[in-house]
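As structure tokens, the structure follows; a few thoughts come after it.
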């Protein structure tokens, strides 16, 4: 499966929708953060494996490992195991709002990683729109109270874990792009998630003494079972293929990644539509700031006649 370049932005946008609800289902499951990360990627990897086996032309799972096995395994362990262990562990210390705020800075890290790794400069417009979108995200998720991002040492540790997740996920997105160009998004994502799931299973087993047994999934409360399944299939299997595959297919990975800034906007919209939670004037201003910044960045080539 290779996502066409002209559909890259659409794929990334749908992937953002998947990311927008991941914190919700992780917390709803009631499972400890590190263990949640194992369940999520164990279920997600199985979902991807079924998908790839049913897709002709995408079944060569060993392909990404042939040329540089050590590099690909290390990349998967850092970008999948490390990033999402940090993400789910962070939710044990910080609030959903705090974790979501920090993780939404992924586009900034993508731009930096693309500069350092590929030498692609960060244009002035990207710096300005990125800064404005970041400010809007913080205002939206904290309703204007920046003090909500600070607190006791326990909370700050959670924020640092979320920052680690954002940085690792961004570097992974940039480094995995050549593999996807050669082998396809579905094949590479599946192989990477299988490696990452094994890495998470071992890390959580050794670090927390929790050796997750897949046979015990349906022994939990129904809300936990369905939360973990949705987290694995929707937030991982489908979301990862579309998000990573879309970024890999996009001519400008930094510009495409800016769609991630829409994550909290989508979350606010879902809260309004599903939970009937009103949007305050300050939140509306933040939404306009975020969407405006993303729109300017995405439309900049057409507005200026440049790439």
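Quick notes on this structure:
- Residue within the stretch 117-125 that is at pLDDT 90 or above, touching a helix residue (DSSP H, G or I) at 6+ places or on another chain (Cβ under 9 Å), farther than 23 Å from residue 24 by Cβ and assigned to a helix (DSSP H, G or I) present: yes
- When residues in the stretch 19-34 are screened for being in a loop (DSSP other than H, G, I, E, B), in contact with a helix residue (DSSP H, G or I) (Cβ under 7 Å, 6 or more places away or on another chain) and within 15 Å of residue 224 (Cβ to Cβ), 3 of them pass.
A quick yes/no check of all residues on (1) surrounded by 22 or more Cβ atoms within 10 Å (Cβ to Cβ); (2) closer than 18 Å to residue 23 by Cβ; (3) at pLDDT below 60; (4) touching a helix residue (DSSP H, G or I) at 6+ places or on another chain (Cβ under 7 Å):
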residue: 129; (1), (2), (3), (4): yes, no, no, yes
residue: 132; (1), (2), (3), (4): no, no, no, yes
residue: 142; (1), (2), (3), (4): no, yes, no, yes
residue: 149; (1), (2), (3), (4): no, yes, yes, yes
residue: 160; (1), (2), (3), (4): no, yes, no, no
residue: 169; (1), (2), (3), (4): yes, yes, no, yes
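- Residue count for the stretch 209-250, restricted to those that are more than 28 Å from residue 173 (Cα to Cα) and touching a helix residue (DSSP H, G or I) at 6+ places or on another chain (Cβ under 7 Å): 7.
- Boolean, residue 212 is surrounded by fewer than 24 Cβ atoms within 10 Å (Cβ to Cβ), at pLDDT 85 or above and either in a loop (DSSP other than H, G, I, E, B) or in contact with a strand residue (DSSP E or B) (Cβ under 7 Å, 6 or more places away or on another chain) (or both): yes
For every residue, the table says whether it meets (1) outside any helix (DSSP H, G or I); (2) within 15 Å of the chain's Cα centre (by Cα).
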| site | (1), (2) |
| --- | --- |
| 17 | no, yes |
| 38 | no, no |
| 76 | no, yes |
| 94 | yes, no |
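- Condition check for residue 99: buried (at least 21 other Cβ atoms within 10 Å of the Cβ), under 15 Å from the mean Cα position of the chain (by Cα) and at pLDDT 90 or above: no
The values are calculated or read from the model by the stated rules, or taken from the named source; none is laboratory data. Computed from a predicted model, the values in this text were never measured in an experiment. Cβ sites come from the backbone with ideal geometry, for glycine too, and all protein chains shown count toward neighbours.
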